[in-house]
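Note sheet for the following structure.
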Amino acid sequence: MSLRVHKKFESMINDGLKNGEDRGTEAYQQLKRGLSKHEINPRKALENALRLYRRAQAPDNFFEVRITEPNERFDECYKLMTHIFKLNVIDPKERYINWLESTREGSLEFPYVLVARILRVEGNHKYDLDGNLIKFGLDTNVVTERIVSFASGNYMPIWKKGKGRTKEGIGAIGHLATVKKFRKDKRYSHGTRILNHFIKIMEEIARKRGERLLAIALEAGDESKGFWYKKGFRWPENTVYAQPPLIFNLTTGKPKFDEVPQYLMILNRDHTDKISKELVLDIVRTMYYYWCIKKYESVKNGQTKRAIAGYIWGKVFKRFVRSVKEYEGKNIRLISPPNRLYHNLFFN
């Protein structure tokens with residue numbers, strides 16, 4: 001009898017989910033009315049089914065993990081990345097795989113870090129890419145795990161042209177996101193937790209390498225700059241920043257996409273509201289080199305290689321340098337990022 005109640009409840013719930021409806025209470029009350037007061041076990045089974053359903057809809061068990069190999073969790077992260085972000089700000093999947101494998105071998109100069117925050121709930125359930133429950137399964141011998149938040153980036157030793165790497169470094173965040181349903185879950189602050197986990201790993205890498213972590217830096221869009229500001233990240237005043245194209249044609253050296261206007265935002269490790277012009281330039285030069293230049297150093301066609309370098313250093317970086325020209329010998333204020341109108345004046 002208990003098994004039959006489970007099957008009926010599961011069926012009613014999934015009929016509702018197909019239509020985007022939460023029929024938990026309705027299914028529970030309808031099935032409960034069909035049971036006599038003496039049917040204790042079926043009543044308990046029904047109550048347990050409702051409890052499991054509510055937990056599947058609003059999980060309360062989460063954990064963080066660092067993904068170090070191209071496994072199923074990596075595939076899930078990349079699928080979420082391509083679902084949430086535009087393709088012009090994402091590298092090809094193979095590049096992340098190479099970074100993972102090289103980092104694991106200890107051969108990558110700028111270690112790649114991919115961390116995920118994962119829900120864990122009893123039952124055999126399915127969730128869509130926005131985190132919505134789309135299929136409910138009452139099999140308590142199965143545990144479902146799904147990624148709700150992730151962060152991807154690299155530890156980068158400061159790179160100076162003509163001098164190479166130094167004994168100082170930055171943490172560079174390429175992507176951080178929480179799936180749509182869990183973004184407003186104030187109980188757990190998934191984005192904050194995964195950010196803190198990422199920063200902790202950056203600190204550990206710097207310590208093990210005997211280097212000093214100077215800052216955490218990232219490229220923010222209009223939709224995310226508010227989140228980063230709340231987490232202590234600041235915009236270097238008057239800077240005009242763009243993410244260079246990530247993919248270039250290996251024959252012509254032409255970019256597949258245009259550069260993407262973004263806001264450079266920095267979490268200053270000395271907790272001051274000013275930063276030297278030299279350090280700001282070092283941060284941008286380092287991110288451009290490791291994310292955009294280094295992967296093309298093995299290109300054999302010299303003309304192609306020069307075209308790529310010319311686009312990144314001669315166009316994108318040069319524009320950024322012009323934006324901080326007035327700060328020669330001065331510090332730059334770290335403040336709240338401007339509105340879209342200000343930023344777009346330099347790209348339209």
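The values are calculated or read from the model by the stated rules, or taken from the named source; none is laboratory data. Predicted model, so just to flag it, every value in this text is computed and none were measured. Positions of Cβ are generated from backbone atoms using ideal geometry, with glycine treated the same way; all protein chains shown enter the neighbour counts.
Computed quantities for the displayed model
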item: Some residue of the stretch 99-113 being aromatic (Phe, Trp, Tyr) and without any contact (Cβ under 8 Å) to a residue 24 or more places away in the chain; result: no
item: Filter result for Arg51 (modelled with pLDDT of 95 or more, surrounded by fewer than 14 Cβ atoms within 10 Å (Cβ to Cβ) and outside the structural domain of Gly191 (by TED's automatic domain parsing)); result: yes
item: Qualifying residue in the stretch 263-286 (condition: touching a residue at least 40 places away in the same chain (Cβ under 8 Å), touching a His at 6+ places or on another chain (Cβ under 8 Å) and outside the structural domain of Ile170 (by TED's automatic domain parsing)); result: yes
item: When residues of the stretch 214-257 are limited to those that are out of contact with any strand residue (DSSP E or B) (no Cβ under 6 Å at 6 or more places or on another chain) and of a type in the set (A, V, I, L, M), the one nearest to Val321 (Cα to Cα); result: Val240
item: Sole exception among (1) in contact with a Cys (Cβ under 6 Å, 6 or more places away or on another chain); (2) of a type in the set (Phe, Trp, Tyr); (3) in the same structural domain as Tyr289 (by TED's automatic domain parsing) for Phe150, by number; result: (3)
item: Residue, surrounded by the fewest Cβ atoms within 10 Å (Cβ to Cβ), within the stretch 210-238, restricted to residues that are without any contact (Cβ under 8 Å) to a residue 24 or more places away in the chain and in a helix (DSSP H, G or I); result: Lys230
item: Selection status of Arg187, within 25 Å of Glu76 (Cβ to Cβ) and surrounded by fewer than 22 Cβ atoms within 10 Å (Cβ to Cβ); result: yes
item: Asp130, sole failed condition from (1) surrounded by 15 or more Cβ atoms within 10 Å (Cβ to Cβ); (2) out of contact with any Leu (no Cβ under 7 Å at 6 or more places or on another chain); result: (1)
item: Close pairs from the stretch 142-161: first free of Cβ contacts under 8 Å to residues at least 24 places away in the same chain, partner of a type in the set (S, T, N, Q), Cβ under 8 Å, at least 6 apart; result: Val142/Asn124
item: Matching residues in the stretch 220-277 - criterion: being out of contact with any Cys (no Cβ under 9 Å at 6 or more places or on another chain) and of a type in the set (A, V, I, L, M); result: Ala220, Val240, Ala242, Ile247, Leu250, Val260, Leu264, Met265, Ile266, Leu267, Ile275
item: Residue list for the stretch 124-141, restricted to those being β-branched (Val, Ile, Thr) and at pLDDT 95 or above; result: Ile134
item: Hey, Lys294 outside the structural domain of Met156 (by TED's automatic domain parsing), assigned to a helix (DSSP H, G or I) and of a type outside the set (Phe, Trp, Tyr) or not; result: yes
item: Selected residue (criterion: farthest from His6 (Cα to Cα)) from residues of the stretch 75-128 that are in contact with a His (Cβ under 8 Å, 6 or more places away or on another chain) and assigned to a loop (DSSP other than H, G, I, E, B); result: Ile90
